[in-house]
Each structure stands twice: as structure tokens, then as C-alpha cells.
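The values are calculated or read from the model by the stated rules, or taken from the named source; none is laboratory data. Source: prediction; values computed, not measured. Positions of Cβ are backbone-derived with ideal geometry, glycine not excepted, and every protein chain shown enters the neighbour counts. Just so you know, the surface numbers come from the protein's heavy atoms only, side chains and all, with ligands and any DNA or RNA stripped out. Shrake-Rupley method; radii C 1.70, N 1.55, O 1.52, S 1.80 Å.
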Amino acid sequence: MSQQVQGVVAPGKNEAVRVETIVIPDPGPGEAVVKIQACGVCHTDLHYKQGGINDDYPFLLGHEASGVVESVGDGVTDVAPGDFVILNWRAVCGSCRACLRGRPWYCFNTHNAKRKMTLTDGTELSPALGIGAFAEKTLVAAGQCTKVDPAVSPAVAGLLGCGVMAGIGAAINTGNVGRGDSVAVIGCGGVGDAAVVGSRLAGAARIIAVDIDDRKLATAKAMGATHIVNSRSTDAVEAIRELTGGFGADVVIEAVGRPETYEQAFYARDLAGTVVLVGVPTPEMKLELPLLDVFGRGGSLKSSWYGDCLPSRDFPMLIDLHQQGRIDLGAFVTETIGLGDVEKAFARMHEGDVLRSVVTL
């Protein structure tokens, strides 16, 4: 039997979000209804509101979430009612060519719930990244639910559902940062700071944080950066080279998603070094680089999809590391807020006042 809950909806391009009554259907085959306990306010949600993803309004926002499984549909065996889960937006299919080659983190056939959540007048909602978790409950594909230790704070756990996993994974999974490596991270928001944490966890000897905001640089330093560079007043490429013996960093992680900062990353890496793009560009952005430089500098130019994570492997591992005190995921939570505060949280995000505002229910 369907149920009605409160959720945050983006009604149209650049319109203020509002709390609406949402109709949640019973889960169909392979689906689950999850009672949300916490959901981070991610920049991707702002992109949805601004029309930077697509124009399938109205959107049910929120995707960086944790909660408790309330009910499951036919055929669901991996999770059961009562399980504490982190929601992920790349449910692995297990049968596409990437999965069959043993690379499920590249799954090319990720899926979402087929049944639709709606407004009370029947208007179908587009859930952000197939999740829609700025709501008391949401309907997802069961494969989007990853069980973790219920002893962890929901506000902390939910952040692995997107930004923190993206940054840590960009360093460890995509960039293959190793012991003794030098790493530069360009852009020190939540994802960039998570890349700093991941680089430190991997044993990097030198971690250079680059941003134009001294507040963000101070936070990156607290997260484990060994050096900071304000690129508003200093040439980032020259500074990174100077800090790496004149060579450039072994791995440069671009966590902004702009052509200008990607070009900085490209020229700030050592010969045969690696550039990892984890910042999300908008559709109109273009990149122009001399092809001879692409050839001549060698190495790897990679993009990181969701930190190239496998949720069933990486989420429990990172929760364990947090509980052991080896990483402090709680440091990413700047404030906890209610459903009615999401619009204000977007403004604080835009001003650079927070790493993460987290909606708690």
C-alpha cells in the first residue's frame, strides 16, 4: 500500500526548492523502501535545481544518504527490513561486459527503481541520481542499498554515498596513489578534501592542496595536506613544481570540473604522471590542449566515476577505518539541518561556508 511522506522538490529551473507531500509506492520486484535517517547536501543536487543535469522536472532531490530498509519487493535477498544501509547511485548489474570482465566498478548497466514516486496529484518525480533522499522515505533499487555497521552515525555514513567516496576513491582507486607519492589536489571542497584524506591513507609523502579560498585551504591542512597553495595569488603549476623538486606531482586530482583547473592539473604533473578528473563539468565546457603535449608528457589522463568504487567492498571498509580512528569522516559534517533548510544550505554551499550540511530525520 502506498504511503505519503515529506520530501524536498525542485519544481523548475532555478526555482526555490520546497517541501512537498510525496507518494511512495510499495516496492516492486528488486526494489526497496528505505526510511531515510540522514542525507548530505551535495553540489550535484544544486546542479539538478539549476538545470545542469537535465530538465526532467520536478526533481526529488537528495542522494548522499543512509537509512534503514523498511520493506523489500520480490526477489530481494541481499538486504532485509531492519538493515542499516548507505544508498549508492551505481547499482551493479553483475551481467554487463564490465561486470563479466571482473570490473564491476565500471558497470555499464546500473539501474534504479522502476516504480515511480509522485506528488499527490500524480505528477511523476525524477529522483536525483535515482535516489531522491531529501525525504522521510524513498524507493530505490535494492542494489542501491549497501549494508554497513549500524553503530556508525547516520550523518557520517551517508556521506560515503557520494562526495566523500568520490574523493577518497579518486585517490586510491582511480589515481592509484602509493606510498611515497607526491599528490596535488586542485579544489578543496568536500570531494577535494576527501581526496586529501584518501591520499594520506594511501601513504602519500607530499599532499599539496590548491584552492582560492584560505578557509578551504585551512580545512584541507587539517585533513592532512602537507602544503597549501592559494592559486588566486600564486601560479598553481609553478608552486606545485617548486614543491616537488621542479618535476610536478606524481598524481594531480582535479576536483573542480573546469577547463582552466584541468589545464593546471595537466601541466602540474610529473612526466608519466597521472591526472584524475573527479570534478563534474557542465555540458557546454570545452578543453583544448596541444596534442603534442598530451603525447610528450606521457602518463595517464583519467576520469573518476564515483571514485571508481565498488560499494559492497568500499563502504564497509571505510566505515571500519572510521571506527578504528584511522580516518575521521565526521570532520566532513559541518552542520545538521532539517528538510526545510535545504535552500539555505545551497546558499551556504555557494558561499563556501560548509563542507557538508546534512539533513537529519
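If the condition is being β-branched (V, I, T), part of a loop (DSSP other than H, G, I, E, B) and within 23 Å of the chain's Cα centre (by Cα), then the range 80-122 contributes V92, T110. Counting only residues that are open to solvent by 70 Å² or more (accessible area, probe 1.4 Å) and touching a residue at least 40 places away in the same chain (Cβ under 8 Å), the range 98-110 holds 1 of them.
One residue stands out among those in the range 124-142 that are open to solvent by less than 50 Å² (accessible area, probe 1.4 Å) and in a loop (DSSP other than H, G, I, E, B): the one that is nearest to G338 (Cα to Cα), which is F134. Quick check, is V280 modelled with pLDDT of 95 or more, closer than 28 Å to C42 by Cα and of a type in the set (A, V, I, L, M, F, W, C)? Here the answer is no, as V280 does not meet what is asked.
Candidates are the residues of the range 32-77 that are aromatic (F, W, Y) and open to solvent by less than 30 Å² (accessible area, probe 1.4 Å); the one that is nearest to the chain's Cα centre (by Cα) is Y48.
For the range 78-92, a residue qualifies if it is touching a residue at least 12 places away in the same chain (Cβ under 8 Å) and either under 26 Å from V19 (Cα atoms) or open to solvent by 30 Å² or more (accessible area, probe 1.4 Å) (or both), and the qualifying residues are D78, P81, G82, D83, F84, V85, I86, L87, N88, W89, R90, V92.
Restricting attention to the range 327-361, the residues that are assigned to a helix (DSSP H, G or I) and touching a Gly at 6+ places or on another chain (Cβ under 7 Å) total 1.
Candidates in the range 146-205 are the residues that are charged (D, E, K, R) and more than 30 Å from G82 (Cβ to Cβ); of these, the one that is most open to solvent (accessible area, probe 1.4 Å) is R179.
You will find that of S66, S95, the residue that is polar (S, T, N, Q), within 29 Å of S304 (Cα to Cα) and without any contact (Cβ under 8 Å) to a residue 24 or more places away in the chain is S95 and no other. For A166, the test of being free of Cβ contacts under 8 Å to residues at least 60 places away in the same chain and closer than 29 Å to C145 by Cβ is failed. A single member of A32, A16, A38, A65 is at pLDDT 95 or above, assigned to a loop (DSSP other than H, G, I, E, B) and out of contact with any Lys or Arg (no Cβ under 8 Å at 6 or more places or on another chain), and it is A16. In this structure, does I319 turn out to be β-branched (V, I, T), touching a helix residue (DSSP H, G or I) at 6+ places or on another chain (Cβ under 6 Å), open to solvent by less than 30 Å² (accessible area, probe 1.4 Å) and in contact (Cβ under 8 Å) with a residue 60 or more places away in the chain? No.
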